[in-house]
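The values are calculated or read from the model by the stated rules, or taken from the named source; none is laboratory data. The structure displayed is predicted, hence computed values, not measured ones. With ideal geometry, Cβ positions are generated from the backbone for all residues, glycine too; neighbour counts draw on all protein chains shown.
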Amino acid sequence: MDVIALDLRLSKDGALVAVHDPEVDRTTDGSGAVADLTLAELRELDAGRGEHVPVLEEVLDAVRVPLQAFVGDLAAAPVLAELFLRRDLTSRVEVASDREAVLVETARLVPGVRTVLCSDSPAAEAGSLVDRALAAGAATIAVDIHRLSLEAVESAHAAGLRVTGRAVNTLDLLRLARALGLDGAATDFPEIRSTGRFTA
C-alpha cells in the first residue's frame, strides 16, 4: 500500500491516540468515550491480543510508509501541529478531515502540510464540495465511492484537485474506481490491490 490511513482522537488529557471509534467499547475491553479517558486509562485497555491503544508517536515509529491522519476535532490541530514540527513530518503525513476548520487551522500552524477534505456528499453536490476543498486549501477530496460520478471527478480534476474513493472493498468497486479515473482508493482489504491487478 502507498499510504496507511488512521483516525486520531484526543484523550481527556490531550494525547493523540490512534483509535477508529469515538468510544472504546467496540475495539477494546473498556467502555466510554476516548475524550473522557486519560492516556493512562487508555493504556490500561486491551485493544486485542494484549495490545494497548497506541499513541500517534508509536505508530510513526513502527510504520515506515506515509500516513494519512484523519482528525475530526479542531482541538487536535495544535497538538498535531506541534508533533509535525517537532518530528518534521510535513512530507510524511497528510491530514484529512470532514471539517474545513481543522484543515485550515492545521495548514496555518504547519505551512506546506498536505490536506484532504473528506465528504459523503452526493455527487450532485460536487460543485459545492470542490468549492469547500479549494476554500480550505485542500489538495485532495476523499468521497464515498458510491456517491461519486464521472462528472464530479472531472469537475474536481478541472479545479486541480485529486480525488480518492472510499471504501473500495470489492473488485467491482475497484473497477469503478479505475473507470472513474480516481487518483487513489481507500480499502479495508489491502490484498484487493494484487487480486485485482489483472482482472479489474
Quiz prompt | segment 91-111: number of residues that are under 16 Å from V3 (Cβ atoms) and out of contact with any helix residue (DSSP H, G or I) (no Cβ under 6 Å at 6 or more places or on another chain) | solution = 5
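Results for (1) in a helix (DSSP H, G or I); (2) not hydrophobic (A, V, I, L, M, F, W, C), shown as yes or no for each residue.
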residue	(1), (2)
A40	yes, no
A47	no, no
Q68	no, yes
D73	no, yes
A96	no, no
V102	yes, no
Exercise. Look through segment 106-130, keep the residues that are at pLDDT 95 or above and in a helix (DSSP H, G or I), and return whichever of them is nearest to the chain's Cα centre (by Cα).
Key: T106
Self-check item: Candidates R166, R114, R178, filtered to the one that is in contact with a helix residue (DSSP H, G or I) (Cβ under 7 Å, 6 or more places away or on another chain), among the basic types (K, R) and under 18 Å from D2 (Cβ atoms)
Solution: R166
Self-check item: Residue selected from segment 28-37 under the condition in a loop (DSSP other than H, G, I, E, B) and in contact (Cβ under 8 Å) with a residue 24 or more places away in the chain, by the criterion nearest to R9 (Cα to Cα)
Solution: L37
Practice problem: Determine whether segment 57-71 contains at least one residue that is farther than 24 Å from V143 by Cα, exposed (fewer than 15 other Cβ atoms within 10 Å of the Cβ), acidic (D, E) and modelled with pLDDT of 95 or more. | Solution: no
Quiz item: at positive phi and touching a residue at least 12 places away in the same chain (Cβ under 8 Å) - does that describe any residue in segment 75-83?
Solution: no
Exercise. Look at D25 and say whether it is of a type in the set (D, E), in a loop (DSSP other than H, G, I, E, B) and in contact (Cβ under 8 Å) with a residue 12 or more places away in the chain.
Key: no
Quiz item: Can you spot a residue in segment 21-28 that is under 17 Å from D73 (Cα atoms), surrounded by 13 or more Cβ atoms within 10 Å (Cβ to Cβ), under 18 Å from the mean Cα position of the chain (by Cα) and of a type in the set (V, I, T)?
Solution: no
Exercise. Quick one: in segment 38-56, of everything that is free of Cβ contacts under 8 Å to residues at least 40 places away in the same chain and touching a strand residue (DSSP E or B) at 6+ places or on another chain (Cβ under 9 Å), which residue is farthest from L117 (Cα to Cα)?
Key: R43
